[in-house]
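Notes follow once the structure below has been shown.
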Amino acid sequence: MTHLEQIVAGVPVRHELRGAAFTIGRAEDCDVVLDLAAVSRHHARVYRDQDGWAVEDLGSRNGTLLNGRPLHGRSVLGDADEITIGDATFRFVLREAVAAEDLPEVAVTDEGTSDSRILSARDADQLARSPALAAAALHAILEITKDLGSHLELHRLLPRILENLFRVFPKADCALLLLREPGHGELMPAAVRHRREPDGAEVRVSRTLARQVIENRKAVLSSDVLADEQLAGSHSMSELHIRSVMCVPLLGRDGAAFGLLQVHTERVRHRFTEADLEILGAVASAAAVALENARLHEELMARAQIQRDVTLAREIQRGFLPEPPGELDGFRFHACYEPAFSVGGDYFGFLPLPGSRMGIAIGDVSGKGLSAALLMARLSSEIRSAFLTSAGPAEALATLHRNFAETGPADRFVTLLLMVLDARRRVLTIANAGHQPPLLRAAGAAVVELAPEVARLPLNVSPDAGYPYVQAEVALPAAGHVLAFTDGLTDARDRDGNLLGLERVSTVFAHAEGDPVAVAEGVFRVARAHAAGQPRNDDMTLLCFGT
């Protein structure tokens, strides 16, 4: 039979030419209704006359194209001619070589009048029984799957899903997509599209319908909301004048529903059917796979970016931690550092000073990870400045405390040990802000703590910006080593939860042999072996110097 064939998302939708005239336009009394802004209420007419079938533009605002050229007046139609109205294209089919029994029936209905008109689309319930339509629907779904699979960015994928829904369901007035927010179960609108209203209009969703779909993981179809006992009381439905609605869940690989797709129409003559629901379910399945892939892609990209940031932060932090200096009047220096995470909050530093002196610092910022590392970076700069502008380590600590009290974060503190080694005089000046005192091992003597009496509060603990720090001078023996470390060393735990402890560190230090490099590496190796295979929650840092 002669008909017009409209291609919607790759699906040929057939409009049979029964009668003498066939009108296309935006008005609901047209034989084919096109809800497009560029289409006039009565846009064009296809009709039969003495010359056969012809097409004419009905004075539309944007005109009609015939085979890509503007249509002026009347033109006789030939087989396979194409009529373009707005974004819709119709192919005129004069005859077709198919058996009559293969043609689906065309539903003829009228809502509230005595006249009958051909619907703008064929009855989907009848189309579901047509092998030709089944193949066309499958082709459309495959095309949609291919289209959605080509988008990995979520912000591009979401509108594409709804665009495809409008292509598949030309009688739909609104389509929306809801997704569960990460971290909790609340459904939030992720994308919405109205055929006539501008995007961004207010979205109201029936909780009753959403609950049924999500909790039962089943698709829901209401061909007439006003006659549906379960939905008739829904204020969202009635206020939006929804007459027919389909809603299907988006199921993840684990079988859980992470969102839903809803399509509705506001016109009685465009009710959805079971066949429509089956097609929507197939589209939702493709959309769910594409959404999960897009989310996974975004997560992987975010993780990659975080890893790049962490790697860069680690490299920057390493730049703040200097290499041990060379020999200074017989003294050698060495440091070992290992953060618990990619970056850490421990700090150590060596700063050559005039007069054969060396400024030495080791500290521990409260907290771990990036925030502690950022504070450590600030600390490293300010320590250098304080060493160079202060008369001694106690004055330097006072300056640092004042700076932190005035501009530092209120919830963070720093334990810090500052020392100045006068290599020629073999004198070590020590000031201590809440840190473990350094240990001294002299030849043939026991390990002792140096100047524990000068220990004061950590930086940024006292509310008094003028909190006083003190210092003490210690004469170093002709042969011996000084070991300083953060509490990550003594707090290292074995598989049974036992701390390495200060006593064990002192014992290992007492029996370590060799120069400062060998001593430092030996103590550090014991600490790492003690905590082997255990999750670390603190950075480990030590430094050693001596002759």
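The values are calculated or read from the model by the stated rules, or taken from the named source; none is laboratory data. As the structure is a computational prediction, the values presented were derived from the model and not from experiment. Here the Cβ is made from the backbone with ideal geometry for all residues, glycine too, and neighbour counts use every protein chain on show. Remember, those area values only see protein heavy atoms, side chains included, never the ligands or the DNA or RNA. Shrake-Rupley method; radii C 1.70, N 1.55, O 1.52, S 1.80 Å.
So the label point goes 7 Å from the Cα of ALA391 along Cα→C-beta, right? Which residues of region 401-422 then have their backbone N under 20 Å from it?
Taking a point 7 Å out along Cα→Cβ of ALA391, the residues of region 401-422 whose backbone N falls under 20 Å are 401-403, 418-422.
Under the 0.36 nm per residue contour assumption, what length would be gained going from the current alpha-carbon distance of GLU323 and ALA445 to full extension?
On the way: separation 122, 0.36 × 122 = 43.92 nm, distance 2.99 nm.
That works out to 40.9 nm of additional length.
Can you work out the Karplus-derived ³J(HN,Hα) for every residue in region 285-294? Use 6.51 cos²θ - 1.76 cosθ + 1.60 with θ = phi - 60°, whole Hz, and x for glycine or proline.
5, 5, 5, 4, 5, 5, 5, 5, 5, 5
I'd like the distance separating the alpha-carbon centroids of region 392-460 and region 21-59, in whole Å.
First find each Cα centre; the distance between them is then 90 Å.
ASP87 versus ARG425, label points 7 Å from Cα toward the beta carbon: distance in nm?
8.5
Mind ordering 15-21, 210-216, 32-38, 243-249 by average Cβ neighbours within 10 Å, highest first? Display every interim value, and only then the final one.
Numbers: 15-21: 14.7, 210-216: 16.3, 32-38: 18.3, 243-249: 25.7.
The most tightly packed comes first, giving 243-249, 32-38, 210-216, 15-21.
I'd like the GluC sites (Glu not before Pro) in region 466-547 restricted to DSSP loop residues with at most 16 other Cβ atoms within 10 Å, sorted by number. Present the calculation step by step, with values, prior to reporting the outcome.
Numbers: sites: GLU473, GLU503, GLU513, GLU521; in loops: GLU513.
Here the GluC sites (Glu not before Pro) that fit, given the DSSP loop and packing criteria, are GLU513.
Taking amide H atoms as placed 1.01 Å from N in the peptide plane, list the residues 5 or more away in sequence, or in a different chain, whose amide H sits under 5 Å from that of LEU353.
Result for LEU353 returns MET358, GLY359.
Please give the FRET efficiency for GLU163 paired with GLN307, using the beta carbon to beta carbon distance and R0 = 30 Å, rounded to the nearest 0.05. List each step's numbers first, then the result.
On the way: r = 35 Å, r/R0 = 1.15.
So the FRET efficiency works out to roughly 0.30.
I'd like the accessible area for LEU209, computed on protein heavy atoms only with a 1.4 Å probe and all protein chains in place. Round to 10 Å², please.
Solvent-accessible area, nearest 10 Å²: 0 Å².
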